[in-house]
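To keep things clear, I will list the structure first and then write my remarks on it.
The values are calculated or read from the model by the stated rules, or taken from the named source; none is laboratory data. Only a predicted model underlies this, so the values are computations on that prediction, with no experimental measurement involved. Neighbour counts are summed over all protein chains in view; Cβ atoms, including those assigned to glycine, are modelled from backbone coordinates with ideal geometry. Heads up: the accessible areas ignore ligands, DNA and RNA and are worked out on the full protein's heavy atoms, side chains in. Shrake-Rupley method; radii C 1.70, N 1.55, O 1.52, S 1.80 Å.
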Amino acid sequence: MIRVLLLDDHAVVRTGYRRLIDAEDDFRVVAEAATADEAYARLQVMDIDVAVVDLSLRGASGIEAIRRMLARDPRLKVLVLSMHDSPGFVTQAMRAGALGYITKSSEPAEMLDAIRAVASGRRVLSSDIAQTLATASLDGEQIMARLTPREFEVLRMAASGEPASLIASQMHLSQKTISNHLSAIRQKLDVDSDFKLLRLAMRHGLVDFAAEMQC
């Protein structure tokens, strides 16, 4: 039996995934979480084989959740199930330790097959993600690959308008550490102003202003 944790900040979405997964004889959803902190807490008290993780969460993203959960339990297998299909998100999620990455436009059967694949230790990408990575590699658009997963997360949150104090709190770091990360990010991405950094983050899909305006 493959024991699954669902990490998504929408309860309705988790309910739909739970029904789909629990209908399979070899799966059982044993835990749910809406935030990175909740997922980490569940992992401390429950035996979990596979975490199915959305990257868009309240506070720290799924990338930070992946990093923290695997630091707690290196045996855990992680499958990302996200609306984000930009190369930056995919690369950083895999660097953080995810074994698989599929988009929410994938068919239900593809998600179930992906859970089985990562549970057995196999890497898996949905066809659209594989195409996105291949195109980005050919076009030389992997600038975000210069960043570590933690730096990527700091940039994502800063570009979304969150102050350093809140970023520090959500990532369990000091404000000085966040400031140091931002300085390193500017150097690695070769930008000399916050405005240029924001434009770069927008261009590479780290900020969805359409979604921000709806909130």
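Things to note:
- FRET efficiency, 1/(1 + (r/R0)^6) with R0 25 Å, evaluated for residue 72 and residue 25 via beta carbons: 0.30
- Separation between Cα centres of the stretch 144-193 and the stretch 30-67, rounded to whole Å: 21
- Solvent-accessible area per residue for the stretch 91-150 (1.4 angstrom probe, square angstrom): 49
- Overall form of the stretch 1-60 per C-alpha gyration tensor (a/c, 1.5; a/b vs b/c): oblate
- Global form of the stretch 15-136, assessed from the alpha-carbon gyration tensor, a/c cut-off 1.5: oblate
- Apportionment of accessible area to carbon and sulfur, the chain, percent (1.4 Å): 50
- Once both labels are positioned 7 Å from their Cα atoms along Cα-to-Cβ, the gap between residue 41 and residue 176 label points is 3.0 nm.
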